[in-house]
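The values are calculated or read from the model by the stated rules, or taken from the named source; none is laboratory data. Here the structure is a predicted model, which means the values were calculated and not measured. Positions of Cβ are generated from backbone atoms using ideal geometry, with glycine treated the same way; all protein chains shown enter the neighbour counts. Accessible surface areas use protein heavy atoms only, side chains included; no ligands, DNA or RNA. Shrake-Rupley method; radii C 1.70, N 1.55, O 1.52, S 1.80 Å.
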Amino acid sequence: FPVTIRVAMGATSSSSIYSSSAPYKMAFDTRNNNLYVITASDTIREFDGTTLIQSNSFSVTGSTSRNTIVFDRGNEAIFVMGNSLTSIKNSQITTLSLAATSFNSLFSDKTSASLIVSQNSLLSSVSDDSIYWSTAATEWGYIINNDFDDRLWLAAQNSTGIYIIDRTTGEVVNQVESLSGYATKMVYNYSRSSVWAIIPSARQGIVTGK
């Protein structure tokens, strides 16, 4: 069945895109106000953010199965994980020398104006469509920015811990928590200068910080 994207901004627009088997994860590019959607057959479709009319499409091998896409403000580009990390900027595709692994998480770090990539055994920073630094990692998972301590916080998916990372080197500087399960989601609470995490397997939430 077709999938419909709807955007409500005073009026509602819709556009039907293609069939049932694709993941349809998407990212919004604030530079050109366009929406980028992962669809079937390793195709990234670009839609006008106002009219939702498709304006372009890009082939990124391996993107449908990995279903990972983000807009990074620092690089001013859409990043997609296919067989390798790929950027889409001004309708141009650039393939970076960072091959996909079984785990790939992309985080847009506004503080360093770079893309942080967490993978099996590797943590990398991407700036200006090139690898700025890359370091071996014993922990990998989902990353957020903690504005209070100006560090990256990582909820590991290969161990039950939350780790603090130096954004300039990728080195782990501290382990904050040893958890009762995997934290699959973290958010930074500005009003309390703290990090909140959810552990679905334990039906728990934790707060760490002030």
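For the chain, the tally of Lys pairs with Cα-Cα distances below 20 Å comes to 5, considering only residues 8 or more apart or on different chains.
Test of the criteria: in the stretch 112-207, which GluC sites (Glu not before Pro) are in a DSSP loop and have at most 15 other Cβ atoms within 10 angstrom of their Cβ? Passing both the DSSP loop test and the Cβ count: Glu171. By accessible area, using a 1.4 Å probe on protein heavy atoms only, the chain has 48% of its surface on carbon and sulfur.
When you count, for each residue, the other Cβ atoms within 10 Å and take the mean per peptide, how do 35-43, 190-198, 145-153, 79-87 rank with the highest first? Before the final figure, lay out the partial values.
Numbers: 35-43: 19.6, 190-198: 15.2, 145-153: 17.9, 79-87: 22.4.
Descending mean neighbour count gives 79-87, 35-43, 145-153, 190-198.
Per-residue ellipticity at 222 nm, computed for the chain from helices alone with -39500 (n - 2.57) per DSSP H run of at least four residues, works out to -500 deg cm²/dmol.
Here the chain is assigned +1 on the Cβ of each Lys and Arg and -1 on the Cβ of each Asp and Glu. Its dipole about the Cα centre then comes out at about 560 debye. Measuring with a 1.4 angstrom probe and ignoring ligands and nucleic acids, Lys110 comes out at about 130 Å² accessible. Here the calculated FRET efficiency for Ser201 and Asn32, from their Cβ-Cβ distance with R0 = 25 Å, stands at 0.05, rounded to the nearest 0.05.
Using the Karplus relation 6.51 cos²θ - 1.76 cosθ + 1.60 with θ = phi - 60°, the per-residue 3J(HN,Hα) values for the stretch 143-152 come to 10, 9, 9, 9, 5, 6, 9, 6, 10, 8 Hz, with x marking Gly and Pro.
Among Phe148, Ile164, Thr64, which residue has its Cα positioned farthest towards the positive end of the charge dipole of the stretch 64-210, with +1 placed on the Cβ of Lys and Arg, -1 on the Cβ of Asp and Glu, and the dipole taken about the Cα centre? Projecting each Cα onto the dipole axis, the largest value belongs to Thr64. Derived scalar couplings between HN and Hα for the stretch 94-107 equal 10, 9, 8, 7, 9, 6, 5, 10, 6, 10, 9, 10, 10, 10 Hz in order, rounded to whole Hz, by the Karplus curve 6.51 cos²θ - 1.76 cosθ + 1.60 (θ = phi - 60°), x for Gly and Pro.
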